[in-house]
Amino acid sequence: MGRPSARLFNLVVAALAGLGALFFILPLLGLLVQMPWASTLSILANPSVKAALELSLIASLASTALACLLGIPLAWVLARLRFPGKGLLRGITTLPMVLPPVVGGVALLLAFGRRGLVGEPVATATGLGLPFTTPGVIVAEAFVAMPFLVITVEAGLRSMDSRFEEAARTLGASRWTVLWRVTLPLIRPSLAAGAVLAWSRALGEFGATITFAGNFPGTTQTAPLAIYIDLDSGQLPAAVVLSLLMIVVSLAVMVALRGRYLGDG
């Protein structure tokens, strides 16, 4: 009695799983079919494409460095300290993960724009502004990418064996020595995974970047923005080449992280 129903259950689940897989595979096949293989190198050699790719690489690496500088201490505070409002702080920290990116861009404008909460006094005092500049791209990308690093590092700190830190402090090590010689080496896999996730998210950022930094070739036009412009202007081959390149990079990141998140199987 149970065997036919189990077989039917397996067939239904397998069919639905196959449709689910096709839902992801078919768009990739569409890109591969439309890929202009003969002109790929000439498209990548185009100065505007090279500028967009170069800016994407520089901005994503810089935003990842900024995320590490600010996100690692924030993850430590969330993992180790107890204080009122901790749950609210964690929610605000992870909010950019679910927030529409364009909303994040508007929020950044209202905070760091020339008429923003912080941006106006800074611009008045120094004449400097973040919006529509390359540093603005870095800030926008860090805003949406940092939560991935924070939650990954926080999870690593919570799961590590704190007895090693206690032993080091018992032997007379200072807090800084414990941090650099014990804590960070123990959570190195989490640090690496969080940094790579943050970098890949920053590399693909679109909404917050175009809202806060604009879309100026050579200054703020990253690869995702260049894809949008190429597609909007009818330059489908260039859009396809850049899109497939971004997919290859993202897929390589996920494959590299499979051992930590999905297991080697």
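Every number here is computed from the coordinates shown, using simple stated rules; none is lab data. Computed from a predicted structure; not experimentally measured. Reconstructed Cβ throughout: ideal geometry from the backbone, glycine too, with neighbour counts over all protein chains shown.
Can you name the helices of the chain, as whole DSSP H runs, whose Cα span along the helix axis is 20 Å or more and whose Kyte-Doolittle mean is not below -0.5?
The answer, listed by residue number, is 2-34, 47-80, 134-159, 188-203, 236-256.
Please compute the contact order of the chain in relative form: average sequence separation of alpha-carbon pairs under 8 Å and at least six residues apart, divided by the residue count, as a percent.
RCO, the chain: 28 percent.
Can you tell me the dipole magnitude for the stretch 54-223 around its Cα centre, using point charges on the Cβ only (Lys, Arg +1; Asp, Glu -1), in Debye to the nearest 20?
Magnitude of the dipole: close to 540 debye.
Based on the alpha-carbon gyration tensor of the chain and its eigenvalue square roots a ≥ b ≥ c, which shape applies: rounded if a/c is under 1.5, prolate if not and a/b is larger than b/c, or oblate?
The shape class here is oblate.
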